[in-house]
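The values are calculated or read from the model by the stated rules, or taken from the named source; none is laboratory data. What you are looking at is a predicted structure, and each value in this text was computed from that prediction instead of being measured. Note that we place each Cβ from the backbone using ideal geometry, even for glycine, and neighbour counts take in every protein chain shown.
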Amino acid sequence: MSSEMSPFLETSPLATVARMLPQALQEQENEIRILVPRFGVINERRNRLHEVVRLSGINISIDDNDNPLIIKVASIPQTKMQVYFLDNEDYFHRKYVFRDEAGKLFEDNDERTIFFCKGVMETVKKLGWAPDIIHCQGWMTSLIPMYLKTIYKDEPVFKNAKVVYSVYSDVDSINLGADFARKASLNSLDNNCMECFSDGSVNAMNIGAVIHSDAVVTNCEEGHRVVEAHIADKIVMRHSDADADTQYGTLYQQLLA
């Protein structure tokens, strides 16, 4: 899971990792599924996205509002990998990612994040595909490790899954607001569970994700510093472009041992 992926959307180094890592893993005979948000800047026609009708009918409730989840799919050229795009007209049909044309953060970035994270869980559940490892990249995926270890822990498709979280630093000063933790609790998680997400900052989201993950990948010194106090009992990897394929393969093997 990633908030962006080359060639569909590229705003940071995360997009390149999200593109190259799945292919490298697939070439090592692993079965991969990729899930990303369908931001409005992604050109559906050029990238040949089409709706997956059999996955329709899912609604994601946030603050008692039902938001329809539409799943679209596309293939990456020259590979056999499919990418699932999670879409919703209200949250993603705009020509900017997290800020408007004036540079102001969208007020509903909190709900867009919650929608994507819970939508990921519901999509995988409806696929009926049980992953051995769930790899979450970047702050927009930060709720997934917690949802996996709480709300979805007894779901058969997730029961044996291990979760990896990749930490990236906040270069865009994103903040999801003081109400983020309450909304993200989905009216079912207590305050103790949500406390680490309380201020809605990227640092808080990274820490919350790390706490609930089995392994952590840090992609920069700043990201490592933020979560350092919370990784003592985790498998930790520092990303290196020079040896990435081997690094990730070893990490996954450790998790599955």
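State all residues of the range 221-257 that are under 15 Å from A24 (Cα atoms) and of a type in the set (V, I, T); if no residue qualifies, say none.
Answer for the range 221-257, where residues must be under 15 Å from A24 (Cα atoms) and of a type in the set (V, I, T): T246, T250.
Please go through the range 83-116 and give me each residue that is under 14 Å from the mean Cα position of the chain (by Cα), β-branched (V, I, T) and farther than 10 Å from L176 by Cα, ordered by number.
V83, I114
Is it true that Y84 is in a strand (DSSP E or B), surrounded by 14 or more Cβ atoms within 10 Å (Cβ to Cβ) and among the hydroxyl-bearing types (S, T, Y)?
yes
Yes or no: the range 139-157 includes at least one residue that is buried (at least 19 other Cβ atoms within 10 Å of the Cβ) and touching an Asp or Glu at 6+ places or on another chain (Cβ under 8 Å).
yes
Only one of H212, H239 is within 27 Å of I151 (Cβ to Cβ) and either buried (at least 21 other Cβ atoms within 10 Å of the Cβ) or in contact with a strand residue (DSSP E or B) (Cβ under 9 Å, 6 or more places away or on another chain) (or both). Can you tell me which?
Result of the check over H212, H239: H212.
Show me the helices (runs of 4 or more DSSP H) found entirely inside the range 190-257 where at least 2 residues are under 20 Å from P13 (Cβ atoms), at pLDDT below 85 and of a type in the set (D, E).
Values: elements: 191-194, 202-211, 221-227, 244-256.
Answer list for the range 190-257: 221-227.
Go through the range 17-47 and count every residue that is in a loop (DSSP other than H, G, I, E, B) and either in contact with an Asp or Glu (Cβ under 9 Å, 6 or more places away or on another chain) or not small (G, A, S) (or both).
Total meeting the criteria: 12.
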